[in-house]
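One structure is given below, encoded as structure tokens.
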Amino acid sequence: MQDFELEKRKYVLGGAVILVIFVYIMRLFSLQLTSDDYKARADSNAFMRRIQYPARGAISDRNGKLMVYNQPAYDIMVVMREQIGVDTADLCASLGIDTAWYKRRMDEIRDRYRNPGYSPHTQQLFMSQLSAQEFSNFQEKMFRFPGFYIQKRSIRQYNYPYAAHILGDVGEVSPADIETDNYYQSGDYIGKLGVERSYEKYLRGVKGTEVLLRDAHGRIKGRYQGGAFDQKPVPGKNLMLSIDLDLQALGERLMKNKLGSIVAIEPSTGEVLCMVSSPTFDPRQMVGRQRGKKHRELSADPMKPLLNRSIMGQYPPGSTFKTSQALTFLQEGIIDPYRTAYPCSHGFHYKGLKVGCHGHGSPLPLIPAIGTSCNAYFCWGLYYMFGNRKKYPTVQDAMTTWKDYMVSMGFGYKLGIDLPGEKRGLIPNAKFYDKNYNGSWNGLTIISISIGQGEVNLTPLQIANLGATIANRGWYKIPHIVKEVQGEPRDSVYTRRHYTKVSPQNYEYVCDGMERAVLSGTCHSARNPWYVVCGKTGTAQNRGHDHSVFMGFAPKDNPKIAVAVYVENGGWGANYGVPLGALLMEQYINGHLSPESEKKAEIFENKEISYGTYAR
């Protein structure tokens, strides 16, 4: 029995020894063959791989005016494994920082151990964007601070104080950016807003690598094998925007001290000629180490200058929307363009429901109804469409038909502009009203949508695209900001025509009505001697003062520009929308403003709308 126990113990001990040896072998295998960490430790003893950052692509306007370029800057990088025995006080004095900032920054870097893309053997950003003088001062003393290195970078510079919402800005990558794209590592820069964000992969280029040799003390001895294993960076691609800088500058000037937006589109191409969101800010203030502070200030501003109202603002379109209703009613055979059957006695009055209207002759056919912006005409059109049981078995069927026309015109969904943050607006459908009215509703219940009020909301971009679609007599191309990416073919997404459900002939009637509005109607202040303007005012009801809206294009034939102007709390469409839109058209078509128009521009530049404590 005793011999058996001894034999058993021998096997147990032998098995334990074999298990320990196996574990050691597997660990060695893991460290030497599969672990990147072990390899990084070994390589870091002999080599240092320094990233060579490419020049970011430059940005110009459609006429070649340089808007954004690069300027040399310097970052201080730190390798945590090498940062040993540094005189913290001396380092802080050399950089003009305090020890509290130093400690906070080092703690932030150590915290990155838990984030993807971090390695204690690679350089991490310690302090960004030193000036040439700061760089020179630090470089002289850098030998006293092991683990700290200088990384040459570039900083964005802006030639003009315009187009901040279009251009966007560049900032340090977030952990989410690193996790999403392995191109980035801690301390890299990325486009945060505007085209800097949406065209980041074109603008950023491709990083290079410089392999440096260390000695036994970790000191850099030069390039490994004369640079045989170095990889040169590939510069980013340049962008040419569709923006006309002079037009953009005029638009921002006219919207000074006002809230709202101006969007102008070239109808034949869908290229955005200007996109103004007011209030705005100077992009030159969003660079360097001051960017964070400035961004916090703008974020706290109740007027929301960081909000791009052109694509994020969702507003009632007011009477500009009547053009889409006219097109729908014509195509569905609800109205005859020459019929004068709809009365207007200062508005639409039926079964106790009243929708007011200004004084004008009555009844009117379609073209003068558009010219005078008759509310009653379009209310009657919607009422007869939604009540036509021969054509639409239920009100839900009528609503679905109506909505399909609106969607075909570019409403209710994002148009797909090449900028981040676009909103879709709101075009209600049958389910929306069934839910809100428990299935019991009709044309009278929702009559206000016929005049661009009620539940309908559009972005200024969608209103401008409506103008471009009418100018083209029934089609549009997706609006876009970038005209050309260096060396890249044009994206077919922005060259394909999108046709609406309405025939070109019916668009001609609406064009004639918009011309009538300029010649003798609500847009008469847009008249000029050089070309024929087609326009439509809008006065969008609001809890406070009404919003002033204009949508139009010129010339009537072979149109060059379509414009939407939206001035919050600006009152009648003729107060701000029409004159501002007319000035934008003149600037673009003629290339300059006449002396008389320049005086008008100065007047509107100095006009200020008081908003009190703004909260939208």
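Between the Cα long axis of helix 36-46 and the first principal axis of the chain there is an angle of about 60°, rounded to the nearest 10. Taking the number of Cβ atoms within 10 Å of each Cβ as an exposure proxy, the fewest-first ranking of Thr401, Thr459, Thr394 is Thr394, Thr401, Thr459. Cross-link partners for Lys258 among the lysines, with Cα-Cα distance under 19 Å and sequence neighbours closer than 8 places in the same chain left out: Lys304, Lys599, Lys600, Lys607. Amide H contacts of Tyr74: Gln129, Leu130, Arg153, each under 5 Å away and 5 or more positions distant or on a separate chain (H built 1.01 Å from N in the peptide plane; Pro and chain starts excluded). Among the listed values [x] -0.34, -0.57, -0.69, -1.02; [y] -0.24, -0.47, -0.62, -1.17; [z] -0.29, -0.55, -0.70, -1.17, the one computed from these coordinates for log10 I(q)/I(0) by the Debye sum over Cα atoms at q = 0.05, 0.07, 0.08, 0.11 Å⁻¹ is [x]. By the beta-carbon count within 10 Å of each Cβ, the least crowded to most crowded order of Val276, Val510, Val86, fewest first, is Val86, Val510, Val276.
Note down the magnitude of the dipole of the chain about its Cα centre, charges +1 on Lys and Arg C-beta and -1 on Asp and Glu C-beta and zero elsewhere, to the nearest 20 debye. Spell out each step's value before the answer.
Working: 75 positive and 59 negative charges, 108 e Å.
Dipole about the Cα centre, nearest 20: 520 debye.
For segment 56-205, the calculated P(r), taken from all Cα-Cα distances in 5 Å bins from zero up to the bin holding the longest distance, is 2, 8, 16, 19, 17, 14, 12, 7, 3, 1, 0, 0 percent.
Over the chain, what is the relative contact order in percent, taking alpha-carbon pairs closer than 8 angstrom and at least six residues apart?
Values: 1254 pairs, mean separation 85.4, N = 616.
In percent, rounded to a whole number, it is 14.
In order along segment 559-574, the phi-based Karplus estimate (6.51 cos²θ - 1.76 cosθ + 1.60, θ = phi - 60°) of 3J(HN,Hα) comes to x, 9, 8, 10, 10, 10, 10, 9, 10, 4, 6, x, x, 4, x, 6 Hz; Gly and Pro are listed as x.
Other residues lying with their Cβ under 11 Å from the Cβ of Ala249 contribute a combined charge of -2, Lys and Arg counting +1, Asp and Glu -1. Around Gln157, with a cut-off of 12 angstrom between Cβ atoms, what is the net charge of the other residues, counting Lys and Arg +1 and Asp and Glu -1? Taking every Cβ under 12 Å from that of Gln157, the sum is +2. The angle between the Cα long axis of helix 2-29 and the longest principal axis of the Cα atoms of the chain comes to about 60 degrees, rounded to the nearest 10.
Please give the net charge around Asp404, taking every other residue with its beta carbon less than 12 angstrom from that of Asp404, where Lys and Arg add +1 and Asp and Glu add -1.
Details: positive: Lys403, Lys501; negative: Glu332, Asp397.
My count for the surroundings of Asp404 gives 0.
Relative to the first principal axis of the alpha-carbon coordinates of the chain, what is the inclination of helix 595-606, with its axis defined by its Cα atoms, in degrees from 0 to 90 and to the nearest 10? Here the helix axis deviates by roughly 60 degrees. Across segment 56-205, C-alpha contacts under 8 Å between residues 6 or more apart give a mean separation that, scaled by the residue count, equals a relative contact order of 32 percent. Residues Lys501, Lys293, arranged from fewest to most other Cβ atoms within 10 angstrom of their Cβ, appear as Lys293, Lys501.
Here, each number is a calculation from the coordinates, and none is a lab measurement. Computed from a predicted model, the values in this text were never measured in an experiment. Don't worry about glycine lacking a Cβ; one is built from the backbone with ideal geometry, like all the others, and counts go over all protein chains shown.
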